[in-house]
Every structure is written in C-alpha cells, then in structure tokens.
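One structure is given below, encoded as structure tokens.
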C-alpha cells in the first residue's frame, strides 16, 4: 500500500532538505510535486486542495525549532497534516453497552464485507478476549450465509444460522436473543450488499438499524476504488449513522487515495484496514503510523506489535541462546528463520515498516519473495537430518539428489548454500562482543549497491 505515493512524496520532499530556511519561494516547487503525488494517488480534489493550503499556512512564518533543520521542519509539518487528514489518532470500537454489544456491518457487494465480519470477530476474540457471535442478514445471497458459517468455524466463534427468504429484522432479533443465551459479549451482524446503491437497499438497512440500535455501524469499502470509496461511504452515511469505516484490500492498493479521502469526505474515522486475504489480516488504523510510512520513515511500532503476536518466542529464545554460545547456524535454523519471516508477512512487509527501507522493498523482493522462500524451504526439506546439521557434507551427488527431490535446479541449491554461509558468518559476529553492530555491518554489505540499513 502507498508504494507509488511514498516514492513520489519522498522524492518531492528531497527538494526542500538542506534549505537554509522555509520560504514561499522555496516550498512552491515542492508543494506542486506533493499536489501531483496526491492527485496521482487518486486522493479526492477537495482533500488535496485543503491539505496543500494547510501545509502552506503552517510553513510560512513558522519559527524552526533549534533541534530541526528547515527541511526537517517542513517534513514534520507535512506529516502532521497527513495525520489530521486521516484522523490524527486510532479510534477504537465503542463496546460500552449491555452485552451483547451489537456491531452492524454494511457495504456494497464485493467489498469484502462478509470476510471483514469474520476478521473482526477473530480480532475481538484474540486481541480483546471477547466472546463473539456472528450472524448474516443477507437473505438475497444464500452463499453469503454459508460463507459466514464456514468462516465462523475457521475463526472459532459462535454462528447464528439464518436462511434465504427470512425477514432481515427477524434474523437480527433472533441473533440478539441467541447471543444473550450464549453469553456473547459482542454480536456482529452482516447485512445484504448490492452491486450499487439503490433506494430499496437503503430503506431495508435503515429499518434494520432502527430495530436493533447497534453501538457500532461500520461501513466496509474497497480501497482499490480510490476516491469513489469515500463517495460511496458518504452516500451510506446520509442514510445510516455510521460510526466508522473498514478499508479492505489495502494490500492490493498501491495508490492510497481512499485512506486519505474517507475521513475528510465522510467525517467518519477509518477504524480498521484489511491487509490481506487471511482471517488474521485486519489491523486497527493508526493515522500517525501510516503517515510515517507514506513519508518513507517506516512503522517500527506496528512491526514490534506484529513480532510480539506472530513470532514463536520459545523458538526465538532457543535460537538466540544457541548463537550466543557460539554454536553453528545450521539449515534447521535457516528454515526456522524463513518460517518466522513468512509469519510476519514476508520480506516486503518487513521492508516497508523499517525506516528508510520502504522504497527498497521492490528491489529486495525481486531477489527474495514468497515463491523463492517456498523454494528454499523445499530444498532444505529435501535434505537429510545430517545434511541440515552439517551442510558442508553436501557434495555433487548429494546436490543432484536434493535438487531432484525438491523440484529445483542445482544452481538454486548452490545459491541457498551461499546465502547460508553468509548468514552463518553474520551469526558468528553476533555471538562475539559488540555483536549487533558487527551483524548490522555484515547485513549492510549484503545489501544492493546504495542501500544501507538505518542507524540503530
């Protein structure tokens, strides 16, 4: 997400770095580039105009803090205004109600509404420790009811059954009684979607809302529709008192126009973003962190939170103890690291969240991506336990056998063995005094020309 915008914005802001002061003249060209970057990202025109005016007003006559250069001060102002456009802070769900707290989910067909219901149920269950019931009032698509039932089993939450032809209001009231009997703390109700906004749909969802009076009414919208996403949300907001937006398919949206337009146009906060197809791919929306990523400054906080949730701590501790004792980094360790990296969303996800590394993610992903990581794991799995522990024993005949068993070429295996050797050398440096600094220097040497890791 934001790949194109980040590239254009960081390029534009380079022009102002190093300037002795901020003036109307020397920010004119930079602001023009920023405006073009936002328009190309499909940000709504009124949003772009207001944003540029606000940045300009903040810059002119501003006293630059002694700790910052004028260029740094300008970047800080741009970041601050980006945060304001998107909402400034993360707005959490309001579940302060007599259980079960009802969340009504609305949206157009194809936006990822039913999947978002399951993702939200899993998020509430795992991160907030809530007992959740889900139900579908989409009586026009029997497949949607079945889909939600299947997803509810996958995420291990309670499902209230419904059928095509039933009255949506009766389904909602039945689900509410069922959730109370099950002592559920949250009821999430999926609603019917259409291919476009129509009067019948609006009247139906309005009546449904009035009958159950939800504490949260979330609108699900596809990020890939750009500024149209914000306009659709505004149309729904005229009929329904929306409390927030779930922005889906952000992993497939390289522009980011929807994220920057929704809050300004609707006045409603983005509460969650969908960052993938799996049921764990839903994240709270943090405007400050996203603004930092847009400006190429990474998102270390999200990376730390992700690591805390997804990294196998026991394995990680065992690995650190092993390396500190000076024991060799073998192929079993290599495979574990590949698995941990995949759990963290792959190389590109890590790169976009490290400061200064976002623009290099595509370059690195050309060399190491999900396909190549899968290939590496297949090669290691085709080795014997002795070969994994002592890779130096792998001779030409063993190479032929491993390549045949993994469906790869001998040059793929040679590449893997070379990478393993490089990592082994780095781990050896890590086990010595001042190991982290040594390891970062080693990593820097492995980067493509011109690429360096940020100072730690």
Among (1) out of contact with any helix residue (DSSP H, G or I) (no Cβ under 6 Å at 6 or more places or on another chain); (2) farther than 21 Å from residue 288 by Cα; (3) modelled with pLDDT of 70 or more, which single condition is residue 25 missing?
(3)
(1) within 24 Å of residue 382 (Cα to Cα); (2) at pLDDT below 75; (3) surrounded by fewer than 16 Cβ atoms within 10 Å (Cβ to Cβ) all hold for residue 332 apart from (2)
With respect to the numbered conditions (1) within 30 Å of residue 289 (Cβ to Cβ); (2) at pLDDT 90 or above; (3) buried (at least 22 other Cβ atoms within 10 Å of the Cβ), which one is the sole condition not fulfilled by residue 185?
(3)
Where residues in the stretch 107-120 are buried (at least 24 other Cβ atoms within 10 Å of the Cβ) and not in a helix (DSSP H, G or I), which of them is farthest from the chain's Cα centre (by Cα)?
107
Checking 31, 93, 45 in turn, the sole residue that is under 24 Å from the mean Cα position of the chain (by Cα) and at pLDDT 70 or above turns out to be 93
Take the residues in the stretch 206-223 that are surrounded by 20 or more Cβ atoms within 10 Å (Cβ to Cβ) and touching a helix residue (DSSP H, G or I) at 6+ places or on another chain (Cβ under 7 Å), then tell me which one is nearest to residue 140 (Cα to Cα).
208
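Hey, can you tell me all the residues within the stretch 172-182 that are surrounded by 18 or more Cβ atoms within 10 Å (Cβ to Cβ) and either free of Cβ contacts under 8 Å to residues at least 24 places away in the same chain or out of contact with any helix residue (DSSP H, G or I) (no Cβ under 9 Å at 6 or more places or on another chain) (or both)?
178, 179
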Top-ranked residue of the stretch 245-274 - restricted to ones that are at pLDDT 80 or above and either in a loop (DSSP other than H, G, I, E, B) or at positive phi (or both), ranked as surrounded by the most Cβ atoms within 10 Å (Cβ to Cβ):
268
Within the stretch 85-105, can you find the residues that are in a loop (DSSP other than H, G, I, E, B), out of contact with any strand residue (DSSP E or B) (no Cβ under 9 Å at 6 or more places or on another chain) and closer than 15 Å to residue 268 by Cα?
88, 89
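Please pick out the residue among 451, 442 that is in a loop (DSSP other than H, G, I, E, B) and at pLDDT below 90. First the steps, then the outcome.
Details: 442 fails: in a loop (DSSP other than H, G, I, E, B).
Result: 451 is the single residue among 451, 442 that is in a loop (DSSP other than H, G, I, E, B) and at pLDDT below 90.
The values are calculated or read from the model by the stated rules, or taken from the named source; none is laboratory data. Predicted, not measured: the structure shown is a model, and the values here were computed from it. Neighbour counts run over all protein chains shown; Cβ positions are idealised from the backbone, glycine included.
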